[in-house]
Amino acid sequence: MDSAGYSRFGRPPTAITSAKIVIAGGFGVGKTTLVGSVSEIEPLTTEAVMTAAGAGIDDSSKVPGKGTTTVAMDFGRITMAQDLVLYLFGTPGQTRFWFMWDELIRGAVGAVVLVDTRRVTDSFAPIDFFESRRLPYLVAVNCFDGAPRYAAEEVREALAIAPEVPLMLCDARQRESCKSVLITLVEHAIQSLRLEMARSTRGGSPVMR
């Protein structure tokens, strides 16, 4: 709280606000793990056992021990402050389920794109998805055991993301690490909204063509 009695997110503490956050990324990048590690309720998951039907489609060669996959979404909830509750929606990672993404992001204030440094190219499509829909997003590098480690700026350059997009290292298994990611995303989403409002104010009413 600041001296005026407002929270870090700029609202009176008595005004409880809820926000929808999307957790996205490639196959096996840790979306279900992140939602489960940070959720204060028993997370809803739609994990299904991988079968021969996914052979040649779901590449688990770089995800040792991966035996299940999300086929719809993951859902969790976390209270971040007296006045802010986040609802987390994890997307399915396989491209054949991406038709659901437009519905999952409806009403979301922002998204986390999880990255595995062993499969950086899997992150290009999710990043393009959120940029094309102008949804504020943050990139979180999930530090898997045994995965190559790179400096944040090296990852930023590899992903070709803009300087204003936050990029963090995290461990999807650790609650506090995930909370830091979510706090940073909310702050980024608020800042993006303020900038958009400022541009609209400066530009005035749209010109009809």
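Listed here are the residues, each with its yes/no results for (1) assigned to a strand (DSSP E or B); (2) of a type outside the set (Ser, Thr, Tyr); (3) within 23 Å of residue 20 (Cα to Cα).
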position: 111; (1), (2), (3): yes, yes, yes
position: 119; (1), (2), (3): no, yes, no
position: 122; (1), (2), (3): no, yes, no
position: 126; (1), (2), (3): no, yes, yes
position: 131; (1), (2), (3): no, yes, yes
position: 134; (1), (2), (3): no, yes, yes
position: 138; (1), (2), (3): yes, yes, yes
position: 141; (1), (2), (3): yes, yes, yes
position: 146; (1), (2), (3): no, yes, no
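On inspection, residue 173 qualifies as over 20 Å from residue 128 (Cα atoms), surrounded by fewer than 19 Cβ atoms within 10 Å (Cβ to Cβ), touching a residue at least 40 places away in the same chain (Cβ under 8 Å) and touching a Ser or Thr at 6+ places or on another chain (Cβ under 9 Å). Among the strands (runs of 3 or more DSSP E) confined to region 2-92, the ones with at least 1 residues that are modelled with pLDDT of 90 or more and of a type in the set (A, V, I, L, M, F, W, C) are located at 17-25, 74-81, 84-90.
Residue-by-condition table, conditions (1) within 30 Å of residue 79 (Cβ to Cβ); (2) at pLDDT 95 or above; (3) in contact with a Phe, Trp or Tyr (Cβ under 9 Å, 6 or more places away or on another chain):
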| position | (1), (2), (3) |
| --- | --- |
| 125 | no, no, yes |
| 136 | yes, yes, yes |
| 140 | yes, yes, no |
| 159 | no, yes, yes |
| 173 | yes, yes, no |
| 180 | yes, yes, no |
| 184 | yes, yes, no |
| 207 | no, no, no |
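The values are calculated or read from the model by the stated rules, or taken from the named source; none is laboratory data. Values in this document were obtained by computation on a predicted structure and should not be read as measured data. Note that each Cβ is placed from the backbone with ideal geometry, even for glycine, and that neighbours are counted across all protein chains shown.
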